[in-house]
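Chemist: The structure that follows is given in the form of structure tokens.
The values are calculated or read from the model by the stated rules, or taken from the named source; none is laboratory data. Computed from a predicted structure; not experimentally measured. Ideal geometry is used to build each Cβ from the backbone, glycine not excepted, and the neighbour counts take in all protein chains shown.
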Amino acid sequence: MTKTCMQEMTTFEGSETWNNDQENNQGRGINNAASGSLRVIIHAHKPDEETTDPGNLVQLPESVQELLDLAEKKLGKRGSVIVMEDGSQVEDLDALRDNDHLFIL
């Protein structure tokens, strides 16, 4: 077998393994948010406020309380509510996607 063919087989086998791991994780209810691989941008103001604040990019923790604690540490403000850009309240971190903008109120 040529070197190129072996590399293609290795790539294919690695992709197959990755896909199987992904399917197994989904079957166990493991997702990006729970595993901490999502990044979100947190802000210390209301979504409709005009500001030059670019926000802080952080790894999404495993719970809402941990996110509030992290926001207090990074933003210097204690919040009790997390909302999205459209004003909807975040109640479940599993509903978030990578690079979502979150506003700590």
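Chemist: Kindly provide the set of residues from the stretch 74-84 that are modelled with pLDDT of 95 or more and charged (D, E, K, R), ordered by number.
Modeler: Lys74
Chemist: In the stretch 77-105, what residues are over 13 Å from Ile42 (Cα atoms) and touching a strand residue (DSSP E or B) at 6+ places or on another chain (Cβ under 8 Å)?
Modeler: Hit for the stretch 77-105 is Gln89, nothing else.
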